[in-house]
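Engineer: Right, I'll just put the structure down here and ask away after.
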Amino acid sequence: MAGPGARGRRPETSPLTPRLRRLRTIAPMFGFLRRKKEPPPAAPTDAAAAPVADPAAGLPAPQGAPAVGVPVTVAAEPASAAAPAVVAPAVVAPAVLAPAVVAPAAQTLPAVAPPPAPAARASWMSRLRQGLARTSSNLTSLFTGTRIDEALFEELETALLVSDAGVETTKFLLEGLRARVREQRLTDGTQVREALRGLITGILSPLERPIDIDRAAPLVVMITGVNGAGKTTSIGKLAHHLQREGKTILLAAGDTFRAAAREQLAEWGLRNGVQVVSQQGGDPAAVAFDAVSAGRARQTGVVIIDTAGRLPTQAHLMDELRKIHRVLGKSMPGAPHESLLVLDGNTGQNMLAQVKAFDEAVGLTGLIVTKLDGTAKGGALVALAHTRRDRPIPVYFIGVGEGLDDLQAFSATEFASALLD
């Protein structure tokens with residue numbers, strides 16, 4: 001039997017391995033997850049520093065690589081299937097343990113590593129532009145072969161209102177755009193479009209902020225939202241990204257009302273290889289408490305709590321949400337560390353009312369905007385940023401599809417470019 005040091009090592013308590021550091025270097029698309037500064041590596045011991053070849057895989061021993069770290073994170077799932085190959089060296093010859101486990105990780109590296117950053121980000125921008133095409137088509141056509149006169153501003157006002165930017169935000173943008181045209185003496189439609197892009201980027205910039213995933217152990221994340229906003233799907237995608245950062249995940253099925261809600265979350269847990277805490281017909285607050293208690297006992301990196309969808313007008317359900325928030329605070333001081341609201345990008349101006357109601361109930365710390373693929377109401381996010389400019393709530397992620405990589409970090413510059421390109 002393998003000792004606790006061989007199989008019980010948890011990735012969230014170990015320093016990030018060189019391989020994970022390489023993954024983060026070549027994949028800035030996951031930069032929305034803020035990490036603490038990594039401690040300097042400890043001096044290797046004689047046993048760990050000695051290179052040992054792997055006769056089974058036909059590979060030389062890695063030079064300067066630590067004996068543990070990468071295997072626990074990369075090959076966590078197939079550990080039980082490969083038990084004979086790993087357990088025996090751990091007991092008989094500890095010095096052979098590192099190459100015996102590292103070799104399979106090196107073989108699977110091409111399958112795990114994301115594509116090069118420029119190509120991956122270009123693909124994401126292409127999907128974002130395609131998703132916002134219905135919104136941008138009303139705006140971009142105005143700046144092609146047109147004169148800079150009052151007629152242009154009237155047409156631009158109509159296009160912004162159609163995109164659900166709202167009256168107040170539209171007025172603010174037009175006043176700022178007129179001022180820039182006068183001050184900079186802009187005479188070309190392309191120049192005016194770039195000026196508008198700068199104004200929109202400035203409004204959205206306060207919403208661009210990364211989430212600190214190392215602020216607590218475990219980090220307790222509470223997910224809220226109305227029915228059908230995409231909460232459970234967003235949880236599955238978020239767990240996928242967190243695992244790429246070396247975090248262990250525990251999911252809690254706090255939606256005990258919707259039919260098949262537990263099964264849907266369990267399916268995402270199966271796809272990501274993470275455990276799910278659930279109770280059939282139980283109290284959502286009790287499920288949340290049990291999940292946090294289990295996460296603390298197992299030293300889990302992140303505990304994500306799913307909750308039932310509810311409308312802000314349903315007072316009894318909003319009271320229940322407040323109860324879950326209070327119980328989480330009793331289960332762990334400072335919890336929940338993140339209270340996230342999932343917004344459907346197709347709801348337009350209604351998202352402003354949702355943010356206000358859920359913020360009053362649980363004190364929101366971040367937003368996830370989903371279903372931006374095909375929406376004609378992309379201007380609503382600009383309205384949200386302008387309306388809440390005195391107390392901005394960061395948009396951590398935006399989604400444009402059902403794929404695992406269709407949930408990405410929000411960038412004000414990229415979003416403004418997708419609206420106007």
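The values are calculated or read from the model by the stated rules, or taken from the named source; none is laboratory data. Because the structure is predicted, anything quoted here is derived from the model rather than measured. We place every Cβ from the backbone using ideal geometry, glycine too, and count neighbours over all the protein chains shown. We work out accessible area using only protein heavy atoms, side chains counted, and drop any ligands, DNA or RNA first. Shrake-Rupley method; radii C 1.70, N 1.55, O 1.52, S 1.80 Å.
Engineer: Out of the range 263-279, which residues are crowded, with 18+ Cβ neighbours inside 10 Å and over 16 Å from Gln243 (Cα atoms)?
Structural biologist: Gln264, Leu265, Val277, Ser278
Engineer: Of all the residues that make up the range 394-414, how many are surrounded by 21 or more Cβ atoms within 10 Å (Cβ to Cβ) and in a loop (DSSP other than H, G, I, E, B)?
Structural biologist: So the answer is 3.
Engineer: Of everything in the range 254-269, what is of a type in the set (S, T, N, Q) and either in contact with a strand residue (DSSP E or B) (Cβ under 9 Å, 6 or more places away or on another chain) or over 12 Å from Gln280 (Cβ atoms) (or both)? Give them in sequence order. Before the answer, list the steps.
Structural biologist: Just the residues of the range 254-269 that are of a type in the set (S, T, N, Q), to begin with: 256, 264.
Scanning the range 254-269 gives a single hit, Gln264.
Engineer: Sticking with this one: If you take the residues of the range 238-262 that are hydrophobic (A, V, I, L, M, F, W, C) and part of a loop (DSSP other than H, G, I, E, B), which of them is most open to solvent (accessible area, probe 1.4 Å)?
Structural biologist: Narrowing the range 238-262 to residues hydrophobic (A, V, I, L, M, F, W, C): 238-239, 242, 249-253, 257, 259-261.
Narrowing further to those that are part of a loop (DSSP other than H, G, I, E, B): 257, 259-260.
Numbers: Phe257: 128, Ala259: 85, Ala260: 60 Å².
The qualifying residue most open to solvent (accessible area, probe 1.4 Å) is Phe257.
Engineer: Among Val112, Val167, which is the only one that is more than 19 Å from Asp421 (Cα to Cα), β-branched (Val, Ile, Thr), modelled with pLDDT under 95 and open to solvent by 50 Å² or more (accessible area, probe 1.4 Å)? Before the answer, list the steps.
Structural biologist: Numbers: Val167 fails: modelled with pLDDT under 95.
Val112 is the lone residue from the list that is more than 19 Å from Asp421 (Cα to Cα), β-branched (Val, Ile, Thr), modelled with pLDDT under 95 and open to solvent by 50 Å² or more (accessible area, probe 1.4 Å).
Engineer: Look at Met318 and say whether it is in contact with a Lys or Arg (Cβ under 7 Å, 6 or more places away or on another chain), open to solvent by less than 40 Å² (accessible area, probe 1.4 Å) and assigned to a helix (DSSP H, G or I). Write out each step before concluding.
Structural biologist: Values: in contact with a Lys or Arg (Cβ under 7 Å, 6 or more places away or on another chain): yes; open to solvent by less than 40 Å² (accessible area, probe 1.4 Å): yes; assigned to a helix (DSSP H, G or I): yes.
Yes: the conditions hold for Met318.
Engineer: Next question, about the same structure. For the range 309-346, what are the residues that are farther than 21 Å from Asp212 by Cβ, touching a Ser or Thr at 6+ places or on another chain (Cβ under 7 Å) and small (Gly, Ala, Ser)?
Structural biologist: Gly345
Engineer: So, in the range 170-190, how many residues would count as being surrounded by fewer than 16 Cβ atoms within 10 Å (Cβ to Cβ), not in a loop (DSSP other than H, G, I, E, B) and not small (Gly, Ala, Ser)?
Structural biologist: Quick first cut of the range 170-190, residues surrounded by fewer than 16 Cβ atoms within 10 Å (Cβ to Cβ) only: 171, 175, 178-179, 182-185, 187-188, 190.
Next, only the ones that are not in a loop (DSSP other than H, G, I, E, B) stay: 171, 175, 178-179, 182-184, 190.
Filter once more, so that each one left must be not small (Gly, Ala, Ser): 171, 175, 178, 182-184, 190.
Counting residues in the range 170-190 that are surrounded by fewer than 16 Cβ atoms within 10 Å (Cβ to Cβ), not in a loop (DSSP other than H, G, I, E, B) and not small (Gly, Ala, Ser) gives 7.
Engineer: Just a yes or no: is a residue in the range 294-315 closer than 20 Å to Lys247 by Cβ, in a helix (DSSP H, G or I) and under 21 Å from the mean Cα position of the chain (by Cα)? Reasoning before the result, please.
Structural biologist: Taking the range 294-315 and keeping what is closer than 20 Å to Lys247 by Cβ, we get 294-306.
Narrowing further to those that are in a helix (DSSP H, G or I): 294-298.
Remaining after also requiring under 21 Å from the mean Cα position of the chain (by Cα): 295.
Yes - at least one qualifying residue is present in the range 294-315.
Engineer: Restricting the search to the range 332-371, which residues are part of a helix (DSSP H, G or I), open to solvent by 20 Å² or more (accessible area, probe 1.4 Å) and not aliphatic (A, V, I, L, M)?
Structural biologist: Result: Asn346, Thr347, Asn350, Lys356, Asp359, Glu360.
Engineer: Tell me which residues, restricted to the range 152-164, are free of Cβ contacts under 8 Å to residues at least 24 places away in the same chain and open to solvent by 50 Å² or more (accessible area, probe 1.4 Å).
Structural biologist: Once the filter is applied, which keeps residues that are free of Cβ contacts under 8 Å to residues at least 24 places away in the same chain and open to solvent by 50 Å² or more (accessible area, probe 1.4 Å), the range 152-164 yields Glu154, Glu155, Glu157, Thr158, Leu161.
Engineer: Here are some residues: Ile223, Ile235, Ile200. Which one is of a type in the set (Val, Ile, Thr), modelled with pLDDT of 95 or more and either in contact with a Ser or Thr (Cβ under 7 Å, 6 or more places away or on another chain) or open to solvent by 60 Å² or more (accessible area, probe 1.4 Å) (or both)?
Structural biologist: Numbers: Ile235 fails: either in contact with a Ser or Thr (Cβ under 7 Å, 6 or more places away or on another chain) or open to solvent by 60 Å² or more (accessible area, probe 1.4 Å) (or both); Ile200 fails: either in contact with a Ser or Thr (Cβ under 7 Å, 6 or more places away or on another chain) or open to solvent by 60 Å² or more (accessible area, probe 1.4 Å) (or both).
Result: Ile223 is the single residue among Ile223, Ile235, Ile200 that is of a type in the set (Val, Ile, Thr), modelled with pLDDT of 95 or more and either in contact with a Ser or Thr (Cβ under 7 Å, 6 or more places away or on another chain) or open to solvent by 60 Å² or more (accessible area, probe 1.4 Å) (or both).
Engineer: Kindly indicate whether Arg391 is part of a loop (DSSP other than H, G, I, E, B), open to solvent by 10 Å² or more (accessible area, probe 1.4 Å) and basic (Lys, Arg). So that I can check it myself, show each step before the final result.
Structural biologist: Values: part of a loop (DSSP other than H, G, I, E, B): yes; open to solvent by 10 Å² or more (accessible area, probe 1.4 Å): yes; basic (Lys, Arg): yes.
It is true that Arg391 is part of a loop (DSSP other than H, G, I, E, B), open to solvent by 10 Å² or more (accessible area, probe 1.4 Å) and basic (Lys, Arg).
Engineer: In the range 346-366, what count of residues is obtained for those that are within 23 Å of Val162 (Cβ to Cβ) and touching a strand residue (DSSP E or B) at 6+ places or on another chain (Cβ under 7 Å)? Spell out how you get there, then give the answer.
Structural biologist: Of the residues in the range 346-366, the ones within 23 Å of Val162 (Cβ to Cβ) are 346-355.
Okay, now just the ones that are also touching a strand residue (DSSP E or B) at 6+ places or on another chain (Cβ under 7 Å), so 351, 354-355.
Number satisfying all stated conditions: 3.
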